[in-house]
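Structure first, commentary second.
The values are calculated or read from the model by the stated rules, or taken from the named source; none is laboratory data. Just so you know, these numbers come straight off a predicted model, no measurement behind them. Here Cβ is always computed from backbone atoms with ideal geometry, including for glycine, and neighbour counts include all displayed protein chains.
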Amino acid sequence: MNIKPLPSLHLEQSATVIPLFDEVTNTVTYIVKDPHSSACAVLDSVLDIDYSAGNVGYDSANKVIDKIRQLALEVEWIIETHVHADHLSAAPYLQQELGGKLGISDQITRVQETFGKIFNEGTEFQRDGSQFDQLFADGDTYRIGELIATVIYTPGHTPACNTHIIGDACFVGDTFFMPDGGTGRADFPGGDARELYRSMQRVLTLPDHVRVFVCHDYGPNGRDIAWETTIGEERNSNVHLQQCRNEDEYVKMRESRDATLAMPKLIIPSLQVNMRAGHFPEDDEGNMELKVPINAFNK
């Protein structure tokens, strides 16, 4: 197995990381601040939805906005680590209130193509990623004030997953969970357990001290919710990697485990909204609507 080398990084810089945990979706949204200026980025925001009633809300997003305004920060970037299947993005609302550019993997086009077909979207749905301000390729960099962020492509959970290395902090999306939580699933359309294993091995070439921030935590075995670990802890203690001696064993474990998992409760609204950069699809009269494809996600 050949692991693509990481690009040049700036691990000597130290990002200030402010987590905000959403209890409904078990999602951690991060405000990442340049310690030498007021510049910041927001990663993986949450839009509230009562799916059964068809109502959306902004309590989770407003907590992010309140914290940013309290600290007098300036948002330069709103980042999605991937197209989430378990919560809706609040990116358009945050952008409206705070500004900043919205970025995601340049492989978003693959997700849009796949789910454009599943949801029977018409030709008016653009599948070129143009809903986003910035499409990141492997090795791309961007700045948050003086902080230099580097993007590495880490597919497997989805075909459009990126890990963002911002100074000495690594934001892995759903590629890794906390060590006792294991790793992300790989059974969504376009996911691939073998790709996921190789992506993880690439991330694990980072030095042990690099901080790792996960997108979700479910408190396995009743422990308190947590979201920060290190590369060393993931390498030495991740429960899924420890029980698998090699790539083939990991793929077997991951595929067997995924076959037992239910689809996320919010997968249908999440994918339709998130592949549009957080915007809802609309009917011919401009009213927001969602589709429910029947038997589209049968395993």
* Here are 228, 285, 249: which of them is without any contact (Cβ under 8 Å) to a residue 60 or more places away in the chain and under 30 Å from residue 88 (Cβ atoms)? -> 285
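Just checking, which of 168, 140, 128, 174 is surrounded by 16 or more Cβ atoms within 10 Å (Cβ to Cβ), of a type outside the set (Phe, Trp, Tyr) and within 15 Å of residue 106 (Cβ to Cβ)?
Working: 168 fails: within 15 Å of residue 106 (Cβ to Cβ); 128 fails: surrounded by 16 or more Cβ atoms within 10 Å (Cβ to Cβ); 174 fails: within 15 Å of residue 106 (Cβ to Cβ).
Unique residue meeting the criteria: 140.
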* Asked: If you check residue 33 against the conditions, is it in contact (Cβ under 8 Å) with a residue 60 or more places away in the chain, of a type in the set (Lys, Arg) and more than 20 Å from residue 270 (Cβ to Cβ)?
  -> yes
* Structure fact -> Across (1) under 19 Å from the mean Cα position of the chain (by Cα); (2) in a loop (DSSP other than H, G, I, E, B); (3) not basic (Lys, Arg), residue 112 clears everything bar (2)
* Asked: What are the pairs, 6+ residues apart or on separate chains, where a residue within the range 194-208 that is closer than 12 Å to residue 251 by Cβ and acidic (Asp, Glu) has its Cβ under 6 Å from a residue that is modelled with pLDDT of 95 or more and crowded, with 16+ Cβ neighbours inside 10 Å?
  -> 195/155; 195/156
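Identify the residue in the range 231-246 that is touching a residue at least 60 places away in the same chain (Cβ under 8 Å) and in contact with a strand residue (DSSP E or B) (Cβ under 8 Å, 6 or more places away or on another chain) and, among all such residues, is farthest from residue 170 (Cα to Cα). Steps first, please.
The initial filter retains those residues of the range 231-246 that are touching a residue at least 60 places away in the same chain (Cβ under 8 Å), namely 231, 238-239.
Checking the rest, the ones that are also in contact with a strand residue (DSSP E or B) (Cβ under 8 Å, 6 or more places away or on another chain) come to 231, 238.
Working: 231: 9, 238: 16 Å.
Among those that are touching a residue at least 60 places away in the same chain (Cβ under 8 Å) and in contact with a strand residue (DSSP E or B) (Cβ under 8 Å, 6 or more places away or on another chain), it is 238.
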* To do: Please identify the pairs in which a residue from the range 58-79 that is over 22 Å from residue 277 (Cα atoms) has its Cβ atom under 7 Å from the Cβ atom of a residue that is part of a loop (DSSP other than H, G, I, E, B) and not hydroxyl-bearing (Ser, Thr, Tyr), counting only partners at least 6 apart or on another chain.
  => none
* To do: Check residue 2 against each of (1) in contact with a Ser or Thr (Cβ under 8 Å, 6 or more places away or on another chain); (2) free of Cβ contacts under 8 Å to residues at least 24 places away in the same chain and name the one condition it does not meet.
  => (1)
* Name the residues in the range 85-109 that are assigned to a strand (DSSP E or B) and either of a type in the set (S, T, N, Q) or on the phi > 0 side of the Ramachandran plot (or both), would you? -> 105
* Asked: Across the range 204-260, what is the total count of residues that are part of a loop (DSSP other than H, G, I, E, B) and within 20 Å of the chain's Cα centre (by Cα)?
  -> 12
